[in-house]
Amino acid sequence: MRERLDWKGTNFVTDPLWGDNGKGKIVDLMAQEADIVVRVNGGPNAGHTVRNKQGEFALHLVPSGIFNPSALCVLADTVVVNPTALVDEINSLKKAGVTIDAGNLLISKRAHLIMPWHIERDKLKEIARGGNKIGTTGKGIGPVYSDRANREGLLVGNLLSPDFEQKFDRELLWQEKLTSLMVGNKIVYDKESILDDLNKAKDTIGPMITNVLPTIRHYHDSGMKVLGEAGQGFLLDLDRGGYPYVTSSHPGVQGFSLATGIAPKDVERVIGVTKVYTTRVGEGPLPTELLDEVGQEIRDKGKEYGATTGRPRRCGWLDIPALRYGTQSGGIDALVLTKLDVFDSFDKVAICVGYNVGGREYKLLPDADNEFMMSAKPILKILPGWNQDTSSCRSFGKLPENAKKFVKEVERLVNIPIQMVSVGPSREETIVRNF
Ligand code: IMP
């Protein structure tokens, strides 16, 4: 692998599809040269897997740039923070020898706090939805973002206010009323134990809480290397994904812009990370889903189980119409193709090049309409496999011919350059093509 990537300006790493495509690995790799790494959306619903010299980690809130001690990591205003989960994550990283303090991790004072009632409401709502459940991660994401939209709830910065306890009391009373209404009997939260947890969390994260926007702006304006890290994927965007089977934030370039105040036109490169096949976790349509032994083979070989919930991921062939939609609408101009090695022992592989819906062919998902996607029949193009190990390849030229053909075919179909190919989970198991 090339020693340095030599990327410039402000770059943003996101996912054009349903998440879990390997953003963590690519952010970790690019972050070795970053000055600042900003996590832009979502919260502990994310699970970013990183494997490098320091070990293997599943990060949920801490940006995947944390392994570069000289990069500043930031949680933006639009991230939602579970303070106790964040402190647990910080402590387990510290135990593994990773340096984390207010010198290299900042948390926006405007980010919302995920509290126990958000997690409870998330779970209660899913039960109430019954057969129409969304399949959320149960981390309180929908309820905390709805409090944000309602201009309610507690902000990370409130932890530092002298009148925090009064604010907390008001919030607690209100949340007890809300949850009691949901379950039909009186709910009382254990105030002392929640306050105790918050105070303990404050000991660790208190010095990291600040107004992060001027810092991000300063790095961007001085031409330093700014790296944005999205959570989830564009097909899970609250507005442009397949509502209601979505998350409650914005994983595309629009979300980066909301989080950082940097306009989409000022982002040098938006990188979409996507696997050689497509997965989804939770409910909602997945047009290329394979419910047979091939789907199971992909799941087993690709270890497709959620990094946050452990749920088996639904697997299918690479969905080009959805990828075209996610790249166009999510503002993506470069692709990274991951998990090529998972296909190493497949005799043949397929790519979904279009949909048949009611007898008409579509090459692009027109919008993320659930009914449309439910009725879409994938049109498959079958390609020969390569039956050869790719995990030791470090240059595109060294890949087996059929693997090269596969990559080039995806590039041709999406019409966006594939700048890196990942052939294994470790940082060095990466082919840098034309980055
Ligand atoms: P929530 O974000 O927990 O509310 O879940 C809403 C939907 O987004 C569900 O289908 C989840 O499975 C999905 N989701 C949330 N976070 C992730 C992620 O990091 N990767 C993949 N799917 C996710």
Check your understanding: Looking at the range 141-151, which of the residues that are touching a residue at least 60 places away in the same chain (Cβ under 8 Å) and more than 8 Å from the ligand (Cβ to nearest atom) is surrounded by the most Cβ atoms within 10 Å (Cβ to Cβ)?
Key -> V144
Check your understanding: Just a yes or no: is a residue in the range 222-235 without any contact (Cβ under 8 Å) to a residue 40 or more places away in the chain and over 21 Å from V144 (Cβ atoms)?
Key -> yes
Point to revise | Tally, over the range 245-266, of residues that are in contact with a helix residue (DSSP H, G or I) (Cβ under 8 Å, 6 or more places away or on another chain), outside any loop (DSSP other than H, G, I, E, B) and not aromatic (F, W, Y) | key: 6
**Study point:** Among the residues listed as W18, W7, the single one being under 22 Å from F234 (Cβ atoms), aromatic (F, W, Y), in contact (Cβ under 8 Å) with a residue 40 or more places away in the chain and within 16 Å of the ligand (Cβ to nearest atom)
**Key:** W18
Revision key, fill the gap. Residues in the range 153-163 that are free of Cβ contacts under 8 Å to residues at least 24 places away in the same chain and surrounded by 14 or more Cβ atoms within 10 Å (Cβ to Cβ) total 1
Revision key, fill the gap. In the set I66, I26, the lone residue that is under 26 Å from R324 (Cα atoms), assigned by TED's automatic domain parsing to the domain that holds H220, touching a residue at least 24 places away in the same chain (Cβ under 8 Å) and away from the ligand (no atom under 14 Å from the Cβ) is I26
Practice item. Test each condition in (1) closer than 18 Å to V336 by Cα; (2) surrounded by 12 or more Cβ atoms within 10 Å (Cβ to Cβ); (3) among the charged types (D, E, K, R) for R412 and report the one that comes out false. Key: (2)
Practice item. Take G242 and decide whether it is touching a Lys or Arg at 6+ places or on another chain (Cβ under 9 Å) and assigned to a loop (DSSP other than H, G, I, E, B). Key: no
Review point. Going through the range 278-293 one residue at a time, which ones are outside any loop (DSSP other than H, G, I, E, B) and within 15 Å of the ligand (Cβ to nearest atom)?
Key: T278, T279, R280, E289
Exercise for review: Kindly check whether there is at least one residue in the range 207-224 that is on the phi < 0 side of the Ramachandran plot, small (G, A, S) and surrounded by 17 or more Cβ atoms within 10 Å (Cβ to Cβ).
Suggested key: no
Exercise for review: Specify the residue that is farthest from the chain's Cα centre (by Cα); the eligible residues are those in the range 327-383 that are surrounded by fewer than 18 Cβ atoms within 10 Å (Cβ to Cβ) and in a helix (DSSP H, G or I).
Suggested key: S375
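The values are calculated or read from the model by the stated rules, or taken from the named source; none is laboratory data. These numbers were taken from a predicted model, which means no experiment stands behind them. Heads up, the Cβs are rebuilt from the backbone with ideal geometry, glycines too, and the neighbour counts pull from every protein chain shown.
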